[in-house]
Amino acid sequence: MVTVISGVDTDAGKSIATGWWARRLMASGKRVITQKLVQTGNRELSEDVLRHRAMMGIPLLPEDEARLTMPEIYSYPCSPHLAARLDRRPLDLQKITEATAILDSRYDEVLLEGAGGLMVPLTDSLLTIDYIQANGYPMIFVTGGVLGSISHTLLAFEALERRPIRLTHIIYNRYPGRNDRLIDDESCAYLQREAAQRFPEAEWLELPILELSHASCP
């Protein structure tokens, strides 16, 4: 099964949430692998996949060495449509989709981490949310308690409501907002109420701060 992990923006904590969720699934007996939809700001290896493996407590896998988990890597740290243009190498969506299908055939769970937020352009004519919808993937959405996250999260909720994308979980990441507990607590309570009304079948989870001690790259 393939599940996309997206978030409110590029700093929502998607990589940390992906590694944490993968470890939980592994503890339940699932065969789990993670994949990065598109990695920018790297050249050889995906730093996000490296972080996943560190949090999962495992070394790089054969699928990592074969680049199935990181099929498209661009050097400039920006949105994929611009990164591809700067590297003069078009994004190969078929390559990504085929890599995901191979992983799906080998593992019980494939966690596909997106690049940035839902509306990040993969190409000049395709948004991340469009790609998710076209492939029929369910989604885990990551948000948090920094100032402005309520507005950004509600906009993302409205975008999801307009598309037939199944939201299975919402992960609230307290880590980015921990310096202002008042805003963090209010954002958490407000967004949890909104999520319950808009997506009653989605499970609300909070990302434990203690897990972040395992979030560094090897």
With N residues in the chain, Rg(alpha-carbon) / (2.2 N^0.38 Å) equals 0.96
Rounded to whole angstrom, the alpha-carbon centroid of segment 168-197 lies from that of segment 6-55 at a distance of 21
Between residue 82 and residue 10, the two model label points (7 Å from Cα along the beta-carbon direction) sit apart by a distance in nm of 0.7
Within the under-12-Å Cβ sphere about residue 103, not counting residue 103, Lys/Arg +1 and Asp/Glu -1 give a net charge of -2
Under the helix-only model (-39500 (n - 2.57) for each DSSP H run of 4 or more, divided by the residues of the chain), the mean residue ellipticity at 222 nm, to 500 deg cm²/dmol, is -12500 deg cm²/dmol
Over the Cα atoms of segment 89-218 the radius of gyration and the largest Cα-Cα distance (Dmax), both in Å, equal 16.2, 45
Exposure-ranked with fewest Cβ neighbours within 10 Å first, 171, 132 stand as 132, 171
Counting only DSSP beta bridges fully inside segment 2-211, the antiparallel percentage to nearest 5 is 5
On each of the three principal axes the extent of the alpha-carbon atoms of segment 1-76, given in whole Å and largest first, is 37, 31, 22
Most fluctuating of 11, 108, 180 in the GNM of the chain (C-alpha, under 10 Å) is 180
Extension length gain for residue 108 and residue 1 (0.36 nm per residue less Cα distance), in nm, is 37.9 nm
Out of 122, 91, 60, a Gaussian network model of the chain with alpha-carbon springs under 10 Å gives the largest mean-square fluctuation to 60
Candidate cut points under trypsin sites (Lys or Arg not before Pro) in segment 70-138, DSSP loop plus at most 10 other Cβ atoms within 10 Å of their own Cβ, are 88
Using alpha carbon centers only, segment 60-80 is separated from segment 81-110 by a whole-angstrom value of 8
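Computed from the coordinates by the stated procedures, all read-outs in this text should not be read as laboratory data. Remember, predicted model here, so these are calculated numbers, not experimental data. Here the Cβ is made from the backbone with ideal geometry for all residues, glycine too, and neighbour counts use every protein chain on show.
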